[in-house]
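Visitor: I have a structure here, written as structure tokens, and I will follow up with some questions on it.
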Amino acid sequence: MMPNKQKHYAIVIGINNYPLIGLDPLKGPVNDASDFYNWLRDPEGGDVPAGNIRRILSSDFGPQAACPTPNQVEALFEPFVVDGIQGKVGDRLYIFAAGHGFGDPSDIGKTALYAANAKQIFPWHVAVTDYVEWLRRHAVFDELVLIMDCCRTVNLQYTIREPQYLVSAGNPGSDKVRYFYAFAVGRGGAARERKFDDGRSSGVFTKAVLDALRNARPEQGAVTGQALKNHIHNSIDKFANGMDIAPPEIRLDSSRDITFFKRKSAGAAPVRIRLAPPHTGAETLALYDGGFREIRQMKAEAADLTLELEPGLYKIAVKNTSRQIIIEVPNNEQFIV
């Protein structure tokens, strides 16, 4: 059963204009943030209540306004930090950020979004990944989904400034927080946008992410972080439409993957699995795809299981034993492992 969507939250940021630093204005981030917001609100998408979404766009201000500033953006994170000091806030937090960004010269994991009032000497910015890592360390949410459609170029003159939140070691349970961190490009790379057939400019990466959220192939009825990652990598060239783009960087813990949706594919077929005796009810089964990449794990509380699988080759193994079997779907026979 999926978590109560009332306990899902989101932060959405889109910045097009940077009038003070000399960075070229962008055309896609506000559209991208709006499209992601619409997906969050869609009952067939994120289904996140409107009151649980905090959003700021450069289009909320005048066309020449150098807004939002760091304080205005960081105010979106502040309630989760304040409440998170006391303990868990919710099940899942989505963070979407699009605009000009950069990577830290000394810490390869850090990425910041320039604020609209950034200047050459004072490169005002928001340390988005620092906020996300603080929320993870303090186990404020069970799951964190970060999507950043921005450049991660490195300027040796600019280091990412850590936010002025409470510094602490974190809370027990942070190692159990599931996460899905998706960046348009790897460290040092430049994100790309273009005009699409609908006449609107959008980030190539955001288009691929939203397509994955809507169409990624489920495995055993579940659309996981790994399924999204595979779909994004396989489809992004289509959205680039011939543009030379760097590959995205997507981080997740495959042993504790996020299930975004429960969704049965029209092509899925039931597959019957029987565990050979002795059966204790404590066995763990691992399911692998045709490339022998682990898709998911499941407890075998009963000796007979039925899995919903797409057509293709799979391996099923009993963890911590030598018992395994290769199967092909569709196939009506019962498999014994």
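Visitor: When only residues in the stretch 284-305 that are small (Gly, Ala, Ser) and within 24 Å of the chain's Cα centre (by Cα) count, which is nearest to Asp257 (Cα to Cα)?
Guide: The extreme case among them is Ala286.
Visitor: Looking at the stretch 111-130 only, could you name the residues that are at pLDDT 95 or above and either exposed (fewer than 13 other Cβ atoms within 10 Å of the Cβ) or of a type in the set (D, E, K, R) (or both)?
Guide: Hit for the stretch 111-130 is Asp130, nothing else.
Visitor: Conditions first: (1) closer than 29 Å to Ala208 by Cβ; (2) over 24 Å from the mean Cα position of the chain (by Cα); (3) surrounded by fewer than 18 Cβ atoms within 10 Å (Cβ to Cβ). Ser255 passes all but one, so which condition is the exception?
Guide: Checking Ser255 against (1) closer than 29 Å to Ala208 by Cβ; (2) over 24 Å from the mean Cα position of the chain (by Cα); (3) surrounded by fewer than 18 Cβ atoms within 10 Å (Cβ to Cβ), the one that fails is (2).
Here's the yes/no breakdown for (1) under 16 Å from Trp39 (Cβ atoms); (2) over 18 Å from the mean Cα position of the chain (by Cα); (3) surrounded by 20 or more Cβ atoms within 10 Å (Cβ to Cβ); (4) not assigned by TED's automatic domain parsing to the domain that holds Lys195:
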residue	(1), (2), (3), (4)
Ala212	yes, no, yes, no
Ala216	yes, no, yes, no
Gly221	no, yes, no, no
Leu228	yes, no, yes, no
Ile236	no, no, yes, no
Phe239	yes, yes, yes, no
Asp244	no, yes, no, no
Arg251	no, no, no, no
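Visitor: Say whether the condition of being touching a residue at least 24 places away in the same chain (Cβ under 8 Å), under 19 Å from Tyr131 (Cβ atoms) and in a loop (DSSP other than H, G, I, E, B) is met by at least one residue in the stretch 61-76.
Guide: yes
Visitor: Does Tyr181 satisfy the criteria of being in contact with a strand residue (DSSP E or B) (Cβ under 6 Å, 6 or more places away or on another chain) and under 24 Å from Asp91 (Cβ atoms)?
Guide: yes
Visitor: Across the stretch 138-171, what is the number of residues that are farther than 26 Å from Arg296 by Cβ and outside any strand (DSSP E or B)?
Guide: Here the count works out to 22.
Visitor: Might you check whether a residue that is in a loop (DSSP other than H, G, I, E, B) and under 30 Å from Arg263 (Cα atoms) occurs anywhere in the stretch 3-19?
Guide: Yes, the stretch 3-19 has at least one match.
Visitor: Considering Ala182, Ala212, Ala169, which residue is on the phi < 0 side of the Ramachandran plot and in contact (Cβ under 8 Å) with a residue 40 or more places away in the chain?
Guide: Ala182
Visitor: Restricting attention to the stretch 155-188, which residues are surrounded by fewer than 19 Cβ atoms within 10 Å (Cβ to Cβ) and among the hydroxyl-bearing types (Ser, Thr, Tyr)?
Guide: Hits for the stretch 155-188 are Tyr158, Thr159, Tyr165, Ser168, Ser174.
Visitor: A follow-up question, please. Given the options Arg152, Arg192, name the one that is basic (Lys, Arg), modelled with pLDDT of 95 or more and buried (at least 21 other Cβ atoms within 10 Å of the Cβ).
Guide: Arg152
Visitor: Please enumerate the residues belonging to the stretch 19-44 that are closer than 24 Å to Glu193 by Cα and modelled with pLDDT under 95.
Guide: Matches in the stretch 19-44: Pro19, Leu20, Ile21, Gly22, Leu23, Asp24, Pro25.
Visitor: Let me ask something additional. Within the stretch 266-297, track down each residue that is of a type in the set (A, V, I, L, M, F, W, C), farther than 20 Å from Pro330 by Cβ and in contact (Cβ under 8 Å) with a residue 60 or more places away in the chain.
Guide: Those that are of a type in the set (A, V, I, L, M, F, W, C), farther than 20 Å from Pro330 by Cβ and in contact (Cβ under 8 Å) with a residue 60 or more places away in the chain: Leu275, Ala276.
The values are calculated or read from the model by the stated rules, or taken from the named source; none is laboratory data. Small disclaimer: the values here were computed from a predicted structure and weren't measured. Cβ: placed from backbone, ideal geometry, glycine included. Neighbour counts: every protein chain shown.
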